[in-house]
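Enquirer: Have a look at this one.
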Amino acid sequence: MAAAASDHHTGDGEAHYEEVALSEMIEEDGVYYWECPCGDMFEISTEELERGERVARCPSCTLTLYVLMPDAGPSKKPSAPAKDEGASAK
């Protein structure tokens, strides 16, 4: 049986209702919020995010939301050009 269209499978192996970028969530007093379809709000604290948690939970239902963090990968600076061994030999 196929997963519902609203299910999002993430790298954590779980299905979540939705994936939302942290920058799109509403932050208030160290807690990030996003509206849940049940009428309540998904929530995740700054402390949870700092510990590596990426799943916001709704206190009123069983739905979860996966929080997409800003890219923390390598810097976006261009890398040094690769050496062209043939061009430098004279």
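Enquirer: Can you give me the P(r) profile for the range 30-70? Cα pairs, bins 10 angstrom wide beginning at 0, each as a whole percent.
Expert: Over the range 30-70, the share of Cα pairs per 10 Å bin runs 33, 55, 12 percent.
Enquirer: Also: What are the ³J(HN,Hα) couplings of the range 58-64, residue after residue, when phi is run through the Karplus curve with 6.51, -1.76, 1.60 and θ = phi - 60°? Round to Hz, x for glycine and proline.
Expert: My calculation for the range 58-64 gives 8, x, 9, 8, 9, 6, 10 Hz in order.
Each reported figure results from applying straightforward, stated rules to the coordinates on display, with no laboratory input. These figures come from a predicted structure and were not determined experimentally.
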